[in-house]
Structures are given as structure tokens and as C-alpha cells.
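Written below as C-alpha cells is the structure these notes are about.
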Amino acid sequence: MSKGKILIVDELHPVFKERAIALGYEVDDEPLFTRAQTLAAISAYQGIAVRTKFRIDQELMEAAPSLKFIARAGAGLDNIDEAYALSRNIALLNAPEGNMDAVGEHATGLLLALMNNFRNADQEVRNGIWDREGNRGYELKGKTVGIIGYGFMGRSFAKKLSGFEVNVIAYDKYKTGFTDAYAKEVSMEEIVRQSDVLSLHIPLTGETRQMVNEEYLFHFRKPFFFINTARGEIVNTEAVLTAIKSGKILAAGLDVLEVEKFPALADQRWFSELKEAGKVILTPHVGGWTFESYRKISEVLAEKLSSVI
């Protein structure tokens, strides 16, 4: 007997479909479906699986009276209207366990690249400049790394850092008692006072949107390296650029931006300055997107299906 029908509207690893079928679901894999096509078809389904193609909002859920769950192939749920889903008792599945290692490694890579001037040094050598003194780097050993958000991603980053002999401190507004072998729980005040490195690992919510602004950055006691592999809208980019110019931020590694993808990104008033900033490394929201995580995310989602219906 079928447990229900699932519509896949995005590019998921085939293992999700295979395991969903094994659990007793009927699965239609339509990764090329547009939003309009999804709206027209969704009434026949109990589940929908999506990555980042479009927002699963009230309009789409209202078109799906039989919808029991939304499977988000990734860590965050910010492209889903969580409040409306909750009001409809629609279960929300995501898979931060699937890409936490990818994010932890990517954040570590960004940090090492920033502290050792990899981007600038590479460009100079290619252009015939051999400047050892100008590209002298910093060592991680002995530094204090401040992590905001100690869920799957924050803990993964802390674990990756455990071999570097650093002092890792973490703040999480929504949990307590999480001190472990990799990080010590502290207050936000201690993050601001002690951090030589600041790394964000929090979801985008109404509370965190534009959290990192000029006022927030003003309170940091020491110049620090800044990493964001969470969500771009958490950070005011112009405030970060100002802090780089003043020396408050030594360098920034940004995998996510307030506005992503072209041409929209190129139209932002701050983008020209950002792309010319020598102390910034940019990556296109790939921190959690590796060949390995592509499969692991779908495996995790499939495992969670068994508890839905």
C-alpha cells in the first residue's frame, strides 16, 4: 500500500527517490518543473522535495490540500513559509547533518586562505611580483575563534579546528549547556570581547536578518577575521566593507551574500567595492555543496521520511 505521492521539483541525488520508493512512496521526479507547473500539479501529492529553486509559500501550500510534508534538500528552511506550514500541520524536513562536514571544511579553508593571504599572493606571483614580506601570514595556534550558532554547522567547524590548538568559544541564543570537547559556551559579550575570528552558523530569521551591522561590529574589542557560510542576509555588506577599511575586520571570507546570482548581484551598489576589495574572498554559496554532501543530504532526507506518515 502506498504511503503517498512525492513530487521532486529540484535536482536531488537519485538516492532520495530510490529510498523513498523502498519506503512505500510513489515518486515523480520533475527537476525541471517551474513554479507554475508545480502549482498546477501539487494537489495530487502528499509531499514535495525542493532545494533552492523557488519559495514554498502559502500560495503553493494552499494549492496542495493533501500536503503532509516538505522535504528541503539542505540545511536551512528560509525558503519555506514555516509559520503557515505549522498552521497546516505540514511537517518540515531538512538535512543539516548531510552537509555539516562540507560547511565545516569550507569555513576552515576560507579562514586559512584569509590568514595566509592566498588570494593576493597567488595574483601577485602570476603577475611577476615576489613579495614575501607583504604576504606574511598569521598562525591559527593560540587564537580565539568565536562561533555564533552551535548547531550541526557550528559544531562541525569547531571540530575541524580542534587540531589547530585554538581556543574555540561559542554563543547560541537558543540552547545552553552545550560545552563539549570542541567549544566552550560563552555569552555574546565574551564573543565580542575575545574573538580573533568570528564565524556565523545561524539560520536566517526575522531576528537575525541584518544582525551584523555597523553597531554590532563597533563593539568588537580586537581586529578579527570574519567568516560567513550561513546566510548572506544576516550581514550588512556595506558595514563589513567599512569595517575592513577601518581595520576592525582584518579580512572576510563570504560564501553567501545579501543578494546572490547575476545579474541581480552586479546591480547592488556595494558590489563594485566588494569585488575590488583585496581582503575579501568570495565563493558562490558552495560551502555545503560538495560531491559528497549532494548524496548525503538526500540520504538524510530519505531517512527522515519514515517518521512522516
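The values are calculated or read from the model by the stated rules, or taken from the named source; none is laboratory data. Just so you know, these numbers come straight off a predicted model, no measurement behind them. Cβ: placed from backbone, ideal geometry, glycine included. Neighbour counts: every protein chain shown. Please note that ligands, DNA and RNA were not included when accessible areas were found on the heavy atoms of the full protein model with its side chains. Shrake-Rupley method; radii C 1.70, N 1.55, O 1.52, S 1.80 Å.
Among the candidates LEU257, LEU274, which residue alone is buried (at least 19 other Cβ atoms within 10 Å of the Cβ), over 16 Å from the mean Cα position of the chain (by Cα) and in contact (Cβ under 8 Å) with a residue 24 or more places away in the chain?
Sole residue among the options that is buried (at least 19 other Cβ atoms within 10 Å of the Cβ), over 16 Å from the mean Cα position of the chain (by Cα) and in contact (Cβ under 8 Å) with a residue 24 or more places away in the chain: LEU274.
Can you tell which of GLY154, GLY142, GLY98, GLY149 is more than 21 Å from PHE220 (Cβ to Cβ) and either assigned by the TED database to the domain that holds PHE225 or not charged (D, E, K, R) (or both)? Show your work before the answer.
Numbers: GLY154 fails: more than 21 Å from PHE220 (Cβ to Cβ); GLY142 fails: more than 21 Å from PHE220 (Cβ to Cβ); GLY149 fails: more than 21 Å from PHE220 (Cβ to Cβ).
Testing whether each residue is more than 21 Å from PHE220 (Cβ to Cβ) and either assigned by the TED database to the domain that holds PHE225 or not charged (D, E, K, R) (or both) leaves just GLY98.
Go through (1) open to solvent by 60 Å² or more (accessible area, probe 1.4 Å); (2) farther than 30 Å from GLY146 by Cβ; (3) part of a helix (DSSP H, G or I) for ARG119 and report which single condition fails.
Result: ARG119 passes all but (2).
When you go through (1) farther than 26 Å from GLU233 by Cβ; (2) modelled with pLDDT under 95; (3) surrounded by 18 or more Cβ atoms within 10 Å (Cβ to Cβ) one by one for LEU77, which number turns out not to apply?
Single failed check for LEU77: (1).
Pick out, from segment 145-242, the helices (runs of 4 or more DSSP H) lying fully within it that include 1 or more residues that are in contact (Cβ under 8 Å) with a residue 40 or more places away in the chain and buried (at least 16 other Cβ atoms within 10 Å of the Cβ).
Values: elements: 152-160, 188-194, 214-218.
It comes to 152-160, 188-194.
Which one of SER195, SER162 is of a type in the set (Gly, Ala, Ser) and touching a strand residue (DSSP E or B) at 6+ places or on another chain (Cβ under 7 Å)?
On the way: SER162 fails: touching a strand residue (DSSP E or B) at 6+ places or on another chain (Cβ under 7 Å).
On inspection, the qualifying residue turns out to be SER195.
Scan segment 277-293 for residues that are surrounded by 15 or more Cβ atoms within 10 Å (Cβ to Cβ) and not in a helix (DSSP H, G or I) and jot them down.
At the first step, the residues of segment 277-293 found to be surrounded by 15 or more Cβ atoms within 10 Å (Cβ to Cβ) are 277, 279-283, 285, 287-290, 293.
Residues satisfying the conditions are ALA277, LYS279, VAL280, ILE281, LEU282, THR283, HIS285, GLY287, GLY288, TRP289, THR290.
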